[in-house]
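Working notes for the structure below.
Read-outs throughout are calculated quantities, based only on the coordinates presented, and are distinct from any laboratory measurement. Since we're looking at a predicted model, the values are computed, not measured. Every residue, glycine as well, gets a Cβ built from its backbone with ideal geometry; the counts of neighbours run over all protein chains shown.
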Amino acid sequence: MKNLWNINTAKKYISKYNKINVHKDLALRIYTTHLLGNEKKLVLHGGGNTSVKLETKDLFNNLKKVIYVKGSGWDMSNLNHLGMPGLYLDPLKKTSSLRKMSDENMVNYLRLNLLDSNSPNPSVETLLHALLPHKYVDHTHSNAILSLVNLKNSPKVLNKIFGKKLAIVPYIMPGFQLAKKCFQIFKKNKNVEGLLLLNHGIFTFGNDAKQSYDRMIKYVSLAEKYIKNKKRKHKYEKNNINNFSLDLLIQCRKIFYQIDQNKWIINLNSSKDDIKFSLLENIDRLFTKGPVTPDHVIRIKSQPLIIKQKDLLKINKNKNNLNVLIKKYCQNYINYFHKNKNQIINSKISDTLPRIIILQGIGYLSIGRNKKELKISKDIFLSMKQSILDSCFVGNFKSINQKEIFKMEYWPLERSKLNNQKRNILEGCIALITGGAGTIGQAIAKKFINEGLEIVLFDKYFDYNKNQKLFDKCLCIECDITNNNSIQKSINKVIKNFGGIDILVSNAGVAFQGSMESINEKVIKDSFDINFFSHQKISQKIVNIMKIQDMGGSIMFNISKQAVNPGKNFGPYGLAKTSTLFLMKQYALECGQYNIRVNGVNADRIQSGLLTKKFIAQRSKARNISPDQYLSNNLLQQEVLAEDVADAFFNQILLKKTTGNIITVDGGNIEASLR
């Protein structure tokens, strides 16, 4: 592992934090925390922790020893000084004389000794950091270290690699007892430079930030080198899966919804390496033993659902077999909970669904309530996967027992991180917006993102220089929505990334002008291709997906006031939009039985890629008014913005018992108003 310490960067951190009166030692603590947190082989998604001990003056101007430690749940890759709460050190050190300390008392005691009562909760391993005498302490869940601390003969292997440089600590759940045990072991040999916690991770420490960080990189590198020298080939099964339909993901999402009554995001990982991994011989034995570190279990449960090739072949013949396997996993989880629930007082069962599903010969699915959770599931499983595979090079992988797994999974201090997250009403919903690179498409995307939806944008081209910040939050797919093959390929990408589609905003359109008495027939055909047939082509495919999902859906068309109130020399556009208005009604009529709601928005005079300044000048000339008058020529005498159109589309989503409806967004135009 590469050591990334840079003295010039370190000085920049000191300078930056000096401007807000943050001590240079804490600035360096933040710097090395970032170095550790940005290395995925060391730390993932709020895992790990670091600390630094300083002296500061209290309210009475007395010099006090303090410790700054990572806040619980804060991400080491990007935290700032607010994510390193400070505590008075001496009261924490006194806890070493106690024989027991409940988690509740520990949390209260830590908060009692905070320098600032507004600080976040400090790490549950704060006492461990406090009892060690070193100025800087670092803790990570290094992949390589986890491979070595999860073996049947871990102590023997660890002693061979590290000698007496690192002390070995038996597995104990994080908290007071672990802190006390680590301190006891450290006192037996105060010359050690770190601690190896079995089934957990590694601590290193030092007198300055660089020394503690250097030691972490040094010992992780030794572990990596040892594993590399032991590497041998794994054995794999022959792949008998010749064809595979993405409908499997849609079916999986449907089953999750039926079990949980919530919508989930499902991502297919199917690279060559993913497929090869899924065919690993004895994969079901290796990956059902438990986690490589207890921190992972709260995110992805203790084991994945593994669907063998023979079962996938059965699923191809009868989709109900997938339902049987997922429900069997859920029932096993229920049994596991009831068997162990007495380990944690007043424990309440969480959802029973897997976060990882291994599909032999296909790859694996990573699953989450939203895109962020999905990424966490994927990243943690990748880490777990690598550690387990590497452990096989050295010896036999062994996790903690089921009771300890349960205690960690339902530990209130960890559980609170998830229980405090309220589920958004539209969380897990996937919205596809055509014409997504345009002004209105972007406004809709921005509105939907703010409301918690996952966004997919279709357009012919995306100029990232214009709005990279927004586009980076979306799945942007270049698609010609007048071409069936292009649409199907693009939809396949959506299914592969998210597992389904809940909302379609069929927004793409192009304005065509001309007098009907002299217009070229090709202009009318071109207008119908984009302003009518593209809506039909994509709606047809989305309806079929929504029917498979069997959880309803919302399809919305950006129609235009031209559909009911034609403008002079605007016939080619208005004719196609009138047809789209009828298309909306027809779909509403046919899809109501599937709880698929189909609605529209009639907008007018929105400055956008369609209604350019040149186009506005042409339309205002056709009406014998100025461009400014044209934009605000409505009953409210106000210009209508793209954001107003976005609000209308969002409100259509919330109207759960409304279909065949049109919301008019034009500032008021009696001629274009509907009943």
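If you split all Cα-Cα distances of segment 367-489 into 10 Å bins from zero, what percentages do you get per bin, shortest first? P(r) for segment 367-489, in whole percents per bin: 11, 27, 26, 18, 15, 4. Extension gain, K100 to I449: 0.36 nm times the residue separation minus the Cα-Cα distance gives 120.9 nm.
When Rg and Dmax are taken over the Cα atoms of segment 570-675, they come to 15.4, 48 Å. Each residue, K272 and T288, gets one label point 7 Å from its Cα in the Cβ direction; the gap between the two is 3.1 nm.
Any chance you could tell me what percent of the C-alpha pair distances in segment 1-66 go past 14 Å? Counting every Cα pair in segment 1-66, those more than 14 Å apart make up 65 percent.
Within segment 413-520, the chymotrypsin sites (Phe, Trp or Tyr not before Pro) that combine a DSSP coil assignment with at most 15 other C-beta atoms in a 10 angstrom radius are Y461.
Translational diffusion of segment 180-219, estimated by Stokes-Einstein from the Kirkwood radius over alpha carbon pairs at 37 °C in a medium of 0.692 mPa s, is 306 µm² per second. For N599, the amide hydrogen comes within under 5 Å of the amide hydrogens of I555, M556, F557, G660, counting only partners 5 or more places away or on other chains and with H modelled in the peptide plane. Over all Cα atoms in segment 509-587, the spread is summed up by Rg and Dmax: 14.3, 48 Å. Based on the convex hull around the alpha carbon atoms, segment 30-123 presents an average projected area of 6.8 nm². Computed over every Cα-Cα pair of the chain and binned at 10 Å starting from 0, the pair-distance distribution P(r) comes out as 3, 14, 20, 20, 17, 13, 9, 4, 1, 0 percent. Using just its DSSP H runs of length 4 or more, each adding -39500 (n - 2.57), the chain gives a mean residue ellipticity at 222 nm of -14000 deg cm²/dmol after division by all residues.
Counting only DSSP beta bridges whose two residues both lie in the chain, roughly 50 percent are antiparallel. Derived from the Cα gyration tensor, the three semi-axes of the equivalent ellipsoid of segment 270-361 are 26, 17, 10 Å, largest first.
Shown in residue order for segment 547-556 are the 3J(HN,Hα) couplings computed by the Karplus curve 6.51 cos²θ - 1.76 cosθ + 1.60 at θ = phi - 60°: 5, 5, 4, 6, 9, x, x, 9, 10, 9 Hz (x for Gly and Pro).
Given their separation in residues at 0.36 nm each and the Cα-Cα distance between them, D526 and K160 gain 124.3 nm when the chain is fully extended.
Computed from the Kirkwood radius of its Cα pairs, the Stokes-Einstein diffusion coefficient for segment 150-256 at 20 °C and 1.002 mPa s stands at 124 µm²/s. Within segment 423-513, the ratio Rg/Rh, alpha carbon atoms throughout and Rh by Kirkwood, equals 0.96. Checking the cross-link pairs K348/K473; K187/K348; K93/K378; K164/K403; K230/K289; K230/K378 against a 29 Å limit on the alpha carbon distance flags K348/K473; K187/K348; K93/K378; K164/K403 as lying beyond it. The H on the amide N of K460, modeled in the peptide plane, is under 5 Å from the matching H of C479, each at least 5 residues off or on a different chain.
Within segment 1-82, the chymotrypsin sites (Phe, Trp or Tyr not before Pro) that combine a DSSP coil assignment with at most 13 other C-beta atoms in a 10 angstrom radius are F60.
The phi torsions of segment 333-341, fed into the Karplus equation with coefficients 6.51, -1.76 and 1.60 and a -60° offset, translate into couplings of 5, 4, 4, 4, 5, 5, 5, 10, 4 Hz, rounded to whole numbers, with Gly and Pro shown as x. Here is the list for segment 201-234: trypsin sites (Lys or Arg not before Pro) lying in DSSP coil, each with at most 11 other C-beta atoms within 10 angstrom of its C-beta, are R232, K233.
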